[in-house]
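Encoded as structure tokens, the structure appears first; notes follow it.
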Amino acid sequence: MKFMPIVFILLFSACTTTSESHGNLTYGMIKSKVKKGVTTQTELMKIFGSPNIVSKNKSGLEVWTYSRQSSQSKGGGSFTTLGIVGGSSAYSSNSAASFDFIVTFDKNDIVVDYSVVSSNF
């Protein structure tokens, strides 16, 4: 019975877990470091690391995609005992975000174009 209060605290206290993998891949970093017609693949590798996806577009140009996701889960609740009558309430919420940086290179491995797509849900 010594552990009963600890069990209630652990079971019915609010908890939050977050997992993110953004590193230095932010819109501000992209705007300050990536220049069309100037930035090379080697420079992007040094700044952001390896891309998640490497492909070719219809024109045969190489396209790199950096994709990052984050999620957050919140849950909690409370337990109340009023004499003999007991009650409990609980809640939870989930949210997620994605951040995609898509870069197209010319035949000389220099950035031709890029786009950033960000969403929260």
Under 5 Å, built H, 5+ apart or other chain: amide partners of THR39: VAL111
Rough spin-label spacing in nm, given labels placed 7 Å along Cα→Cβ, for ALA96 and SER50: 2.4 nm
Cross-link partners of LYS107 among lysines (Cα-Cα below 25 Å; sequence separation of 8 or more within a chain): LYS31, LYS33, LYS35, LYS36, LYS46, LYS56, LYS58
Gained length - THR65 relative to GLU43, 0.36 nm times residue gap less alpha-carbon distance: 6.4 nm
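Since every read-out is calculated from the coordinates, none of them should be taken as a lab result. Predicted model, so just to flag it, every value in this text is computed and none were measured. All Cβ positions, even for glycine, are placed from backbone atoms using ideal geometry, and neighbour counts span all protein chains on display.
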